[in-house]
Amino acid sequence: MDKKSPILYYTPVISWGVFVLVMSLLPSRDLPDALIEVSDLFIHACIYVAWTMLACWGYVQVHQRMKQSAYMVILCCALVFGLGVEFAQKYLTDYRHFEWADILANSTGSIVGLGITFILSRRKK
């Protein structure tokens, strides 16, 4: 393993998370029209597929392989992050709303992202 800081490998997932949080707190009138035309729940799922896969990539770069327990930790982090974003929309804005359907889509995306990562890691062996 090289001597680079582990935070370097988690920078993509942290950056993606900050981007998602900022976009989630913007008024929807400020979002690009192309995003509004696509299913909101599909966008939520895709965002969390990407977030989860970036988290797994960072973990593998630091630890050399995915451990079984890491899947659950990453899933829990994704769920907490998704809940946090929804609560931020509820309590920090008056133009965004807490939605259970969004949480379900986020969770589904996270599970799909973990599934893709699991399948890809098995194919490499």
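The values are calculated or read from the model by the stated rules, or taken from the named source; none is laboratory data. All values reported here derive from a predicted model rather than from experimental measurement. Note that each Cβ is placed from the backbone with ideal geometry, even for glycine, and that neighbours are counted across all protein chains shown. Calculation scope for accessible area: heavy atoms of the full protein, side chains included, ligands and nucleic acids excluded. Shrake-Rupley method; radii C 1.70, N 1.55, O 1.52, S 1.80 Å.
Can you give the Rg/Rh ratio of the chain, where Rg is from the C-alpha atoms and Rh is the Kirkwood radius? Provide the component values of the computation, followed by the final result.
Numbers: Rg = 15.5 Å, Rh = 15.3 Å.
Answer for the chain: 1.01.
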Counting only heavy atoms of protein chains, what accessible area per residue, in Å², does the chain have with a probe of 1.4 Å? 64 Å²
Overall Cα dimensions of the stretch 39-79, principal axis frame, Å, largest first: 36, 17, 11
Per-residue [θ]222 nm for the chain (sum of -39500 (n - 2.57) over DSSP H runs n ≥ 4, rounded to 500): -27000 deg cm²/dmol
All other residues with a Cβ under 13 Å from the Cβ of Leu83 taken together, and with Lys, Arg as +1 and Asp, Glu as -1, what is their net charge? -2
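Taking each pair of different alpha-carbon atoms in the stretch 86-125 once, compute 1/r for the pair, average those values, and report the inverse of that mean as the Kirkwood hydrodynamic radius in Å to one decimal.
Values: mean 1/r = 0.0834 Å⁻¹.
Evaluated on the stretch 86-125, it is 12.0 Å.
Give the calculated FRET efficiency between Leu26 and Gln61 to the nearest 0.05, with a Förster radius of 22 Å applied to their Cβ-Cβ distance. Let's see the in-between values first.
Details: r = 31 Å, r/R0 = 1.40.
Between Leu26 and Gln61 the formula returns 0.10.
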Compute the distance in nm between two label points, each set 7 Å from the Cα along the Cα-to-Cβ direction, one at Arg122 and one at Trp16. 2.1 nm
To the nearest 10 degrees, how steeply does helix 6-25 sit against the main Cα axis of the chain, on a 0 to 90 scale? 10 degrees
